[in-house]
Amino acid sequence: MNPAAQSYIHEARDLLTQLEQMLLDLETDASPEAIDSVFRALHTLKGGGGMFGFPALSAFVHHFEDAFDRVREGKIGISKPLLDAALEGRDHVIALLDAGGDEAATAELVGSNQARRILAALEGAVAGAPPAVVRLHRWEVSFRPSKGSLRCGMRPDLLLEELRELGECRIRCDVSDLPSLESLDPTLSHLGWVVELTTAQPRAAIETVFVFADDADPRIVQLDLDEEPQIVAATPVTAASAEVVTAPAVATAPAAPAARSGQRSQSLAAQDTVRVPSAKLDSILDQLGELVIAQARLNQTAARLGDSTLEGLVEEVHRLVTGLRDTTLSVRMLPIETVFGKFRRVVRDLSTELGKDVVLVTDGGETEIDKNVLDRLSEPLVHMIRNSADHGIEAAADRVAAGKPAQGRVRLAASQDAGEIVIVIEDDGRGLDHEKIRLKAIERGLLAADARPSEAALAQMIFAPGFSTADKVSSVSGRGVGMDAVLSAITALRGTVEVTSRKGEGTRLTLRLPLSLAIIDGLLVRLGPDVFVLPLIAVEECVEFDVTELTRSSGRRMLRIREHLVPFVDLADALDGTVENDGRRRVVIVRAEGERMGLVVDDILGQHQTVIKPMSAYHADLEDFAGATILADGTVALILDVAMLLRRLGGTGIGLAA
């Protein structure tokens, strides 16, 4: 496949992702601007397909362009059947792209029952759509071509024709600059025009008329800013309905150039974007990791030699490597809303399939996460959202009977906490039936008949392989069916899943994942002969420690940090390590999941740029560690997973009580 066609495929995929969100937005905002955005996206797909060797795709998209052109002209309105057909058609276009120009595969897709069904649904939706109801606005558009513009091919009559196509026009000719007949030069432009335009089209559509006529000096002013817009059943306006009147021109104020400036900014932004394969970014990051390790060794060598010139150079190298690291990592970090967007479609389709009214609410989409984590996160999230909509949300009648709104709500939120990303999937449905889970677990031999575990422990049982409390199997998996796969995927990302639920109120699933799988700022601490790394983002402060605190015979181990009491644990006890107890130790105060704890260590060695190396297959089950790193002297230091460590210590009480 030639590079141009490959580039078109990449750009088309991005455009189709945007198109899906545009179509979903039309359900709540069918403004002319939103409709124009959809039409332009379809027009771009069709034109590019014909230009770069995808004629079948171009022909298929042509049907959708026709439909939305009719919407754009006001002949039909937006309807659910039309959007359903368009969303299915968007999926079919992706399939045509996946065929990659293969003639046999493309022919099979074009002649498939699915393609015929989509086109029939589209035609039926267009035929059955109600007339569009639109809001009309009044604009005053004035323009005066420059004196020599006619010699350069300026055609004012064509500009007027395009304006007439937008709506009802009253056109006045400004003859105030017309010279006497004796001094008239017929090759120069002496006239201006003022057009009062009533249209449903946005300002951008008017500006588009003059996009290649900057020498016409167009000025656009909205006349009805302080008036209620007209709301009418739209009918297409033809040129015959435009009224032309010759009259003296009326002075107009210059229009704000914001919309055109925005278009130019977007165009420049598109030109400044470079598409890079993710494999190249991974390679750059690997090389950067080795550079960070080499730079640490250089620091150590400079400190040993004591050469001031070398130390200055090392400081400069350190600054450059740190900047390169931050820039490289920022390239790999993407806002999580890039995967949040697709879940709107998931919930919409499920609402139709299940016959429920369910809405998805998202929050924290701007939270950034490493691309590798993001790519592997999508499938588990889809599964959990499907379960929330299917088995979490009740039918509308049941919700009303329970005093709830008929519309169910699934909330998807993201935030950062102590070097982790926290993702919450929460529904306001029926909640988990803990007693039913207990009985099912007994039936499957997971619990003893007389066992009475806590609700939290019962909730976690939904992650057991094949576990389900559903009375019958539906097309959408029940809560628990396949949840073991979700847990495996999250665990592979060094993450955790926690379930909390209250019967009749809803269920909340909390995922905790690392922000990045690459490089972090760490704090080196020593415990006996061993060195460990604490992620710096989880460290609050470091204080001196009185070793007599470890000899208390009773009571909880607590430190007073200013006005607060903070529990502490000897890290040697937690990790079964050794201690070099010379009477002087230190404690690092860390925070994770909203909890603070002190970790007692032998010494604090300082800050360190930490390149995360994954644990080997033989050590993958060591939950307290997030990975390993190579120090400047070539030795290996383990990276502590602070959140997991505090979770374990808080649950077992290690070191918290004598």
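Of all alpha-carbon pairs in segment 519-652, indicate the percentage at a distance above 19 angstrom. Value for segment 519-652 (Cα pairs over 19 Å): 49 percent.
Which of the residue pairs 404/503; 436/503; 46/80 have a Cα-Cα distance greater than 21 Å in the structure shown? Over 21 Å apart, Cα to Cα: 46/80. Which residues in segment 19-44 have a backbone N closer than 11 Å to a point placed 7 Å from the Cα of residue 407 along the Cα-to-Cβ line? Answer for this model: 28. Within the same chain, lysines fewer than 8 places from residue 280 are excluded, and of the rest, those with a Cα less than 22 Å from its Cα are 371, 613. Counting only DSSP beta bridges with both residues in segment 336-514, the antiparallel share comes to about 80 percent.
Please give every one of the aspartates and glutamates within straight-line cross-link reach of residue 75, meaning a C-alpha to C-alpha distance under 17 Å, and leave out same-chain neighbours fewer than 8 residues apart. The qualifying aspartates and glutamates are 33, 36, 65, 66, 123, 165, 168.
Peptides 401-411, 604-614 ranked from most to least packed give 604-614, 401-411, packing being the mean of other C-beta atoms within 10 angstrom over each peptide's residues. A full extension of the chain between residue 59 and residue 457 corresponds to an added length of 137.7 nm, given 0.36 nm per residue minus the alpha carbon distance.
The mean of 1/r over all pairs of different alpha-carbon atoms in segment 62-153, once inverted, gives a Kirkwood hydrodynamic radius of 16.2 Å. Given +1 at the Cβ of Lys and Arg, -1 at the Cβ of Asp and Glu and no other charges, the dipole of segment 519-652 around its Cα centre is 340 debye to the nearest 20. Simple point charges give the picture: +1 on the Cβ of Lys and Arg, -1 on the Cβ of Asp and Glu, and for segment 3-128 a dipole about the Cα centre of about 260 debye. Compared with the direct C-alpha span, the chain from residue 357 to residue 284 gains 21.6 nm at full extension, assuming 0.36 nm per residue.
Between residue 564 and residue 540, the modelled labels are 0.3 nm apart [label points 7 Å from Cα along Cα→Cβ]. Label-to-label distance, residue 636 versus residue 337, with points set 7 angstrom from Cα along the beta-carbon direction: 4.2 nm.
Applying 1/(1 + (r/R0)^6) with R0 = 56 Å to the Cβ-Cβ distance of residue 485 and residue 150 gives a FRET efficiency near 0.20.
Protection proxy ranking for 155-165, 306-316, using the average of other Cβ atoms within 10 Å per residue and placing the highest first: 155-165, 306-316.
For segment 276-307, the residues whose amide N sits under 16 Å from a probe point set 7 Å from the Cα of residue 322 along the beta carbon direction are 292-293, 295-300. Taking GluC sites (Glu not before Pro) across segment 399-470, none is in a DSSP loop with at most 10 further Cβ atoms lying within 10 angstrom of its Cβ.
Overall dimensions of segment 3-128, expressed as equivalent-ellipsoid semi-axes from the Cα gyration tensor (√(5λ), whole Å, largest first), are 24, 17, 11. Taking the Kirkwood radius as the inverse of the mean 1/r across Cα pairs, report the Rg/Rh of segment 4-72. With Rh from the inverse mean 1/r over Cα pairs, Rg/Rh is 0.99. Considering only 288, 298, 321, the residue lying farthest towards the positive end of the dipole of segment 278-334 is 288, judged by Cα position with unit charges set on Cβ. Projection of the Cα convex hull of segment 336-514, averaged over all directions and equal to a quarter of that hull's surface, yields 10.3 nm². Charge tally around residue 636: other residues with Cβ under 12 Å, Lys/Arg +1 each, Asp/Glu -1 each, net -1.
Under 1.5 on a/c is rounded, so check that first for segment 278-334, then, if it is not, pick prolate when a/b is larger than b/c and oblate when it is not; a ≥ b ≥ c are the square roots of the alpha carbon gyration tensor eigenvalues. Because a/c hits 1.5 or more and a/b exceeds b/c, segment 278-334 counts as prolate. Full extension of the chain between residue 578 and residue 439 gives 45.5 nm of extra length, using 0.36 nm per residue less the Cα-Cα distance.
A Förster radius of 56 Å combined with the Cβ-Cβ distance from residue 398 to residue 75 puts the calculated FRET efficiency at roughly 0.85. In summary, the aspartates and glutamates within cross-link reach of residue 356, defined as a Cα separation below 18 angstrom excluding same-chain residues under 8 places away, comprise 27, 84, 390, 394, 398, 426, 427, 428, 505.
Read-outs throughout are calculated quantities, based only on the coordinates presented, and are distinct from any laboratory measurement. Keep in mind that what you see is a predicted model, and the values were worked out from it rather than measured. Neighbour counts run over all protein chains shown; Cβ positions are idealised from the backbone, glycine included.
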